[in-house]
Amino acid sequence: MREIFPGSARLGTADPLPGQPGAADQPGDLIDELAARYAYPDRLWVRANMIMSVDGAGAVAGRSGGLSGVADRLVFSVLRSLADVILVGAGTARAENYGRARPGNLWPRLRAGRAVTPPIAVLTRRLDLDLRGRLLGDDAAGDDLARPIILTTRAAPAAKVTAAAKVADVIVGTDDMSPAAAIDALAGLGHKKILTEGGPTLLGQLVTAGLLDELCLTVSPVLEGAQATRIIAAPSLPPGQAGLRLAMVLEDAGFLLTRYVRAGS
Ligand SMILES: NC(=O)c1ccc[n+]([C@@H]2O[C@H](COP(=O)([O-])OP(=O)(O)OC[C@H]3O[C@@H](n4cnc5c(N)ncnc54)[C@H](OP(=O)(O)O)[C@@H]3O)[C@@H](O)[C@H]2O)c1
């Protein structure tokens, strides 16, 4: 992996990332280097991590995993290790069959003084989530994996709220859980370093509300055509909300790992 913006210094190892091993097998100095480059500021900060094809597709056959590669998975893991909480919309939790975050080999050091893993927080109106699945089921608990958080609304069926409260911390907002209310609720639990992994509906709401501080966007070296969804599902964005400043670009095996922050910050 090499940096192509803003400087020309190489990252961690002089060699490109090998093609096969997963993030847990990567050398510690490279992970430390990435952790330093992606360090959160010491204040409430909302970061999104998304991936798209060169022509803007956010999913292949309904999931984003088909766009990913070794370097993207490595950065995905490092970003999770740095976060206090991982926020996703229920559409993503369902489509990607979300489970609880599991620690990588170097997480104990990267998360020293904090919980072993960050909780997954799911935003949902309908609370149509599998209570026996990888995130909320009995088998998902244990091993110090963080208890999930459900951010829902009064529209959710009461029986589902009661059932979910047995396996997750459930926060019920008003008739709609605005993105600001969701972020406030997470901050109220002490989670200042917020990582959202989408999806497009949630990301569109965060951008529209002016709540997104940073977008980490991987550009995958493939073309997917026009059938796929994009990374933001909002018909239009308010003027002035969408300006970004490029903060960093890494390259690995044709993948671009970009980091944009809100313009002016
Ligand atoms: N390219 C990438 O990086 C990336 C990342 C993530 C996901 N994806 C892809 O995106 C697709 C899913 O997209 P999506 O837009 O449906 O996902 P999403 O944004 O994760 O989820 C939308 C759902 O979130 C809930 N929600 C959103 N806003 C809410 C609010 N204000 N209050 C309460 N609940 C709210 C609703 O859940 P309920 O329906 O339960 O009420 C809504 O249906 C999948 O294909 C996935 O693979 C791509």
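Nothing in this text is a laboratory measurement; each read-out follows from the coordinates by a stated rule. Just so it is clear, the structure is predicted and the values come from calculations on it, not from any experiment. Cβ coordinates were reconstructed from backbone atoms using ideal geometry, including for glycine residues, and neighbour counts include every protein chain displayed.
For Lys160, give me every one of the aspartates and glutamates with a C-alpha distance below 14 angstrom, ignoring sequence neighbours fewer than eight places off in its own chain. Cross-link targets: Asp128, Asp130, Asp169. Phi angles across the stretch 168-175 convert, under the Karplus curve 6.51 cos²θ - 1.76 cosθ + 1.60 with θ = phi - 60°, into 3J(HN,Hα) values of 8, 7, 9, 10, 9, x, 7, 5 Hz, Gly and Pro given as x. Springs between Cα atoms under 10 Å define the GNM used for the chain, and in it the highest mean-square fluctuation of Leu110, Leu87, Leu202 occurs at Leu110.
If the viscosity is 1.002 mPa s and the temperature 20 °C, what translational diffusion coefficient in µm²/s does Stokes-Einstein give for the stretch 39-178 when Rh comes from Kirkwood over Cα pairs? The estimated diffusion coefficient comes to 132 µm²/s. When each full DSSP H helix of the chain is screened for a Cα extent of at least 15 Å along its own axis and an average Kyte-Doolittle hydropathy of at least 0.0, the helices passing are 70-82. Comparing Thr258, Met177, Met52 along the charge dipole axis of the chain, the residue lying farthest to the positive side is Met177, per the Cβ-charge model. Expressed per residue, the C-alpha convex hull volume of the stretch 170-218 stands at 91 Å³.
With Cα atoms as the point set, the radius of gyration and Dmax of the stretch 110-265 evaluate to 17.6, 49 Å.
The aspartates and glutamates within cross-link reach of Lys193, meaning a Cα-to-Cα straight distance under 14 Å and a gap of 8 or more places when in the same chain, are Asp42, Asp84, Asp184, Asp213, Glu214.
Relative to the compact-globule estimate of 2.2 N^0.38 Å, the Cα radius of gyration of the chain comes out at 0.98. Within the stretch 160-261, the trypsin sites (Lys or Arg not before Pro) that combine a DSSP coil assignment with at most 12 other C-beta atoms in a 10 angstrom radius are Lys166. When only the Cβ of Lys, Arg, Asp and Glu is charged (+1, +1, -1, -1), the dipole of the chain relative to its Cα centre reaches about 500 debye. Dividing the summed helix terms, -39500 (n - 2.57) for each DSSP H run of n ≥ 4, by the number of residues in the chain produces a 222 nm estimate of -6500 deg cm²/dmol to the nearest 500.
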